Amino acid sequence: MKTVNHWIGGKTVEGASGNWGPVTDPATGAVTTQVALASPDEVEAAVAAAKAAYATWGTSSLAQRTGVLFQYRALLDAHRDDLAALITAEHGKVHADALGEVARGLEIVELACGITTQLKGELSTEVSGRVDVSSIRQPLGVVAGITPFNFPAMVPMWMFPLAVACGNTFVLKPSEKDPSAANLLAELASQAGLPDGVLNVVHGDKVAVDSLLAHPDVAAVSFVGSTPIARHIHATASANGKRVQALGGAKNHMLVLPDADLDAAADAAVSAAYGSAGERCMAISAVVAVGAIGDELVAKIRERAEKITIGPGNDPTSEMGPLITRAHRDKVATYVTGAAAQGADVVLDGTGHTVEGFEDGHWIGLSLLDKVSTDSDAYRDEIFGPVLVVLRADTYEQGVNLINASPFGNGTAIFTRDGGAARRFQLEVQAGMVGVNVPIPVPVGYHSFGGWKDSLFGDHHIYGNDGVHFYTRGKVVTTRWPDPSDTPAGVDLGFPRNN
């Protein structure tokens, strides 16, 4: 059986805690790998390696940092298929989807390659007699990232490339459900010339997480995951004096107005709801149909959903793979099996789906629930699976009010031909990311990703300008260099004057 160990100080370090977690191939249900689960002592070793590396990396030149990152980008590009294969083997998503994940992570590496412009300071001269004021940004020190199972390569790449480009060192705690991609990311960074200890990977469960949250040498924590855990991460790390960005869950709505192109809206709904088997925080999980278009829209969504091919992620004909674990598959199924009792019309029930030859895999088919009420479990909870719910609204105002009443505010979309309605929506809707005829409005790398309300805890979004600001802190320097001809100014106990 394959074993995944830690990566500390530029080399593989065997797990010493005696605790191991199982890693399953979701397509077969078989345990293929064991992953080391770190003890507090092993977390301490990773943080110590990062702290030692910061002594030189934190004062390294921008030219050195970007030189490594350019080499890293080239290596990642050459190993796209290797990373995607690891993702498919442990997460289950189809190979094309895994390649897309790697590509979106590479965007942030490319952003980090241009960090020189992001770290430029500001200078004001002669604010007073021979006085200049400058603003600079400096790294924090050792920072940590705690990442989810659904994007085992992309989300880590949303964090550590910017962090190390800014001069920090990094300890990554990836999901123990699909850990191999994180190790390959670290190994390639080492091959690119990243000094030992700048990037460390420590695997584990809650023990490792809590050790990072409490460690006095960890200056900041980045997290992506569910809302309850995001809330815990934010509260605990903040109480320990750390800077925190904690991205939580979502219930992303797509508002479809009566004038929308219904074929385009149906295509978008199926793509956004069922891509990655619904295991993504930017999935469209709720469609709000306005006016009389509901029946026609649901029929079009059903027609498309029934044609999706489900199978192993390494089969080129598969469009959707299995769910990450059997327990998660069974939980997702309960939202469908209990929907009718809570008033929904079950248009498609995918809970009985199996794949021939892979009967022990974590399979579930596409499910579509219509006329769902806002007090039902299928609407209130983040299902994180291929279940799309449809709600009805009589007017635009009713639809927006429904969306804004949700405790989540991650992403949302509107489908319409009316520019005025779209403009009004983007200003009125309470969400951090908005798509206009775009179902999954994930920003490009040089804009920042993040939601509102219970979808984000902390002040900073991830990557983009917010990411740079999160991984640095500002300092203002006021300087006076007297001219040799100046006479002594003498003592003045008054407040400094700008003249």
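Where a number appears in this text, it was derived from the coordinates with a stated rule and is not lab data. What you see is a predicted model; the values in this text were computed from it and never measured. Ideal geometry is used to build each Cβ from the backbone, glycine not excepted, and the neighbour counts take in all protein chains shown.
Using 0.36 nm per residue, how much length does the chain from Ala235 to Glu319 gain when fully extended, once their Cα-Cα distance is taken away?
This chain segment gains 26.3 nm when fully extended.
What FRET efficiency would be calculated for the residue pair Asp217, Asp381, taking the C-beta separation as r and a Förster radius of 35 Å, to the nearest 0.05?
With a Förster radius of 35 Å, E is 0.40.
Mean residue ellipticity at 222 nm from the helices of the chain, using -39,500 (n - 2.57) per DSSP H segment of n ≥ 4 over the full residue count, to the nearest 500 deg cm²/dmol?
Taking each H run of at least 4 residues, the total per residue is -11000 deg cm²/dmol.
Along the principal axes of its C-alpha atoms, what lengths does region 366-499 span, in descending order and rounded to whole Å?
Computed over the Cα atoms, the extents are 83, 32, 28 Å.
Quote the charge dipole size of region 406-493 about the Cα centre in Debye, to the nearest 20; the model charges only the Cβ of Lys and Arg (+1) and of Asp and Glu (-1).
That gives region 406-493 a dipole magnitude of about 380 debye.
Would region 110-262 count as rounded, prolate or oblate if I go by the C-alpha gyration tensor, calling it rounded below 1.5 in a/c and otherwise prolate when a/b exceeds b/c, oblate otherwise?
Oblate is the answer for region 110-262, as a/c is 1.5 or above yet b/c matches or exceeds a/b.
What does the charge dipole of region 323-470 about its Cα centre add up to, to the nearest 20 debye, if the Cβ of each Lys and Arg holds +1 and the Cβ of each Asp and Glu holds -1?
340
Whole-Hz Karplus ³J(HN,Hα) for region 79-89, in order, using 6.51 cos²θ - 1.76 cosθ + 1.60 and θ = phi - 60°, x for Gly and Pro?
With the stated coefficients, region 79-89 comes to 10, 3, 5, 5, 5, 4, 5, 5, 4, 4, 5 Hz.
Semi-axes, largest first, in whole Å: what does sqrt of 5 times each Cα gyration tensor eigenvalue give for region 320-386?
23, 12, 8
Whole-Hz ³J(HN,Hα) for each residue in region 375-390, computed from phi via Karplus 6.51 cos²θ - 1.76 cosθ + 1.60 with θ = phi - 60°, x for glycine and proline: what do you get?
Once rounded to whole Hz, the list reads 9, 8, 4, 5, 8, 6, 8, 7, 6, 6, x, x, 10, 10, 10, 10.
Could you give the length gained by full extension between Thr3 and Ser373, i.e. 0.36 nm per residue of separation minus their alpha carbon distance, to one decimal place?
128.6 nm
Between Asn252 and residues 5 or more places away or on another chain, which pairs have amide H atoms under 5 Å apart, with H built 1.01 Å from N, and which residues are they?
Ser285, Ala286
Can you list the residues of region 119-148 with backbone N under 17 Å from a point 7 Å past the Cα of Phe495, pointing along Cα to Cβ?
Backbone N within reach: 128.
Around His461, under 14 Å between beta carbons, what's the net of Lys plus Arg minus Asp minus Glu among the other residues?
0
For a bin width of 5 Å, list the pair-distance distribution of region 1-148 built from all Cα-Cα distances, rounded to whole %.
Per 5 Å bin, starting at 0, the Cα pair percentages come out as 2, 7, 10, 13, 16, 16, 14, 8, 5, 3, 2, 2, 1, 1, 0.
Report the normalised scattering of region 52-118 as log10 I(q)/I(0) at q = 0.15, 0.27 Å⁻¹, calculated by the Debye formula with identical scatterers on the alpha carbons.
The calculated log intensity ratios at q = 0.15, 0.27 Å⁻¹ are -0.59, -1.07.
With angles folded into 0 to 90 degrees, how steeply does helix 326-337 sit against the dominant principal axis of the chain? Use alpha carbons for both and round to 10.
Approximately 50 degrees, to the nearest ten.
Quick check on region 182-329: what are the equivalent-ellipsoid semi-axes from the Cα gyration tensor, as sqrt(5λ), descending, whole Å?
39, 22, 14
Any chance you could give the angle, 0 to 90 degrees and rounded to 10, that helix 40-57 forms with the longest Cα principal axis of the chain?
50
Rounded to the nearest 20 Debye, what is the dipole magnitude of the chain about its Cα centre when Lys and Arg each give +1 and Asp and Glu each give -1 at the C-beta?
Charge dipole of the chain: 1260 debye, to the nearest 20.
What residues of region 167-189 lie in the reach of a label at Asp82, counting those whose backbone N is under 18 Å from a point 7 Å from the Cα along Cα→Cβ?
179-189, by backbone N distance to the label point.
Excluding the sites themselves, what is the longest stretch of the chain that contains no trypsin sites (Lys or Arg not before Pro) in a DSSP loop with at most 14 other C-beta atoms within 10 Å?
In short, 131-306.
If you average 1/r over every pair of different alpha-carbon atoms in region 208-285 and take one over that average, what Kirkwood value in Å do you get?
14.8
Give me the Kirkwood hydrodynamic radius of region 385-448 in Å, from all C-alpha pairs, to one decimal place?
12.8
Dipole of the chain (Lys/Arg Cβ +1, Asp/Glu Cβ -1, origin at the Cα centre): which of Met254, Val198, Ala405 lies farthest to the positive side?
Of the listed residues, the answer is Val198.
Beyond 16 Å, what percent of the Cα pairs of region 269-373 remain?
60
Just going by the charge dipole of the chain, with Lys and Arg at +1 and Asp and Glu at -1 on Cβ, which of Ala181, Thr32, Leu62 is farthest out on the positive end?
Selected residue: Leu62.
List the extent of the Cα atoms of the chain along each of their three principal axes, largest first, rounded to whole Å.
That gives 86, 58, 39 Å along the principal axes, largest extent first.
For a quick check: with amide H placed at 1.01 Å from N, whose amide H comes under 5 Å from Thr33's, ignoring anything fewer than 5 positions away on the same chain?
The answer is Val23.
Using each residue's phi in region 348-365, evaluate 6.51 cos²θ - 1.76 cosθ + 1.60 at θ = phi - 60° and report the 3J(HN,Hα) Karplus result to the nearest Hz, with x for Gly and Pro.
3J(HN,Hα) across region 348-365, in whole Hz: 9, 10, x, 5, x, 6, 9, 10, 4, x, 9, 4, 8, x, 8, 8, 8, x.
How high is the relative contact order of region 399-499, in percent, with contacts defined as C-alpha pairs under 8 Å that are six or more residues apart?
Worked out over region 399-499, it gives 22 percent.
With the contact rule set at Cα under 8 Å and sequence spacing of 6 or more, what percent relative contact order holds for the chain?
Relative contact order of the chain: 18 percent.
Tell me, what does the Kirkwood hydrodynamic radius of region 71-162 come to in angstroms if you use every pair of distinct C-alpha atoms?
15.7
Between Val31 and His353, how high is the FRET efficiency from 1/(1 + (r/R0)^6) when r is the Cβ-Cβ distance and R₀ = 22 Å? Nearest 0.05.
0.45
Which angle from 0 to 90°, rounded to the nearest 10, does the C-alpha axis of helix 154-165 make with the longest principal axis of the chain?
Compared with the principal axis, the helix lies near 10 degrees.
Work out, in µm²/s and without decimals, the Stokes-Einstein translational diffusion coefficient of region 14-59 at 10 °C, 1.306 mPa s, Rh from Kirkwood over C-alpha pairs.
The Stokes-Einstein estimate is 124 µm²/s.
What is the spin-label model distance, in nm, from Ala405 to Lys120 if the labels are put 7 Å beyond Cα along the C-beta direction?
Here the answer is 4.9 nm between the modelled labels.
Given the options Ala341, Gly385, Thr116, identify the residue whose Cα lies farthest towards the positive end of the charge dipole of the chain (+1 on Cβ of Lys, Arg; -1 on Cβ of Asp, Glu).
Thr116
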